[in-house]
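*Asks:* To start, I am sharing the structure in question, which I have written as structure tokens.
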Amino acid sequence: MPSASAVIVDQWALVRLGIGAVLRSLDIRVVGDESSARGGLQCARERQPDLMVFGSHLDVAVPQAVRRAAALQPPPRILVLLDAATRADLAAVFSNGADGALLRSASGDDLNDALIRLLAGERVLAPAFVSVLAGVTTAATPAADGALTPKEREVLSLLAQGRTNRQIGETLFISAGTVKTHLAHLYEKLGVTDRQQAITQALAEGILQ
């Protein structure tokens, strides 16, 4: 079975070199090494990589680059490396199709772990970005089949703020067991298996804002 392939896009050659070293250590073939989003996207159209890694220093806005990459056929998994991020930044990259976001200063081990999870189909959010979501709220949307209930939205909002099950229960005046039940329903509706995936999926779907 052929190994996965990747295109790296960042303004700085040294950054691309470091990312490439981690990719190759995982037996991921680097089929493109570009200093511009335009060049990276053209390379991806021609070589159809399994993964695209975008730095935050690009010739176009990062969400725009992500949106164009997500529209490729077949669509690659997309990882974005950010210097810093606001809630709006995270919502923008995930709603436009990113599958993961890490700090640009992430260690090789963190990048290694993120790449493995991304290629396994998971979404990834740097732990440092969870604190950025403090005070995050859920968007009010009409109820529909499969939509989150008001209580599930409250749990999700607190989850995004980094609260533990006990803290969520205390805030909402419900038991830890009830919190676990709400989380199980949340995970099922969002198609995820853990907290981090729930947050990133909710950002991607515009549920968190």
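*Asks:* Taking 0.36 nm per intervening residue step and subtracting the Cα-Cα distance, what contour gain separates Val60 from Asp194 on full extension?
*Replies:* Net length gain for the segment: 45.0 nm.
*Asks:* Under the Karplus relation 6.51 cos²θ - 1.76 cosθ + 1.60, θ = phi - 60°, what is the ordered set of whole-Hz ³J(HN,Hα) values for region 14-23, x standing for Gly and Pro?
*Replies:* 5, 5, 4, 4, x, 5, x, 5, 5, 4
*Asks:* Magnitude of the Cβ-charge dipole of the chain, K/R +1 and D/E -1, about the Cα centre, nearest 20 debye?
*Replies:* With Lys and Arg at +1 and Asp and Glu at -1, about 160 debye.
*Asks:* Let's see if you can work this out: charge +1 on each Lys and Arg Cβ, -1 on each Asp and Glu Cβ, no other charges. What is the dipole magnitude of region 5-128 about its Cα centre, in debye to the nearest 20?
*Replies:* The dipole magnitude comes to about 300 debye.
*Asks:* Which percent, to the nearest 5, of DSSP beta bridges fully inside the chain are antiparallel?
*Replies:* 5 percent
*Asks:* By the scheme Lys and Arg +1, Asp and Glu -1, what is the net charge of all other residues having a beta-carbon under 11 Å from that of Thr164?
*Replies:* Combined, the nearby Lys, Arg, Asp and Glu give +2.
*Asks:* Hey, another quick one. Where the eigenvalues come from the Cα gyration tensor of the chain, what are the semi-axes √(5λ) of the equivalent ellipsoid, largest first, in whole Å?
*Replies:* Values for the chain, descending: 33, 16, 16 Å.
*Asks:* Relative contact order (percent) for the chain, with alpha-carbon contacts under 8 angstrom and 6 or more residues of separation?
*Replies:* In percent, rounded to a whole number, it is 17.
Rule-based calculations on the coordinates, nothing more; no lab input. Here the structure is a predicted model, which is why all the values come from computation and not from measurement. Because the Cβ atoms are built from the backbone with ideal geometry, glycine has one as well, and the counts that use them run over all protein chains shown.
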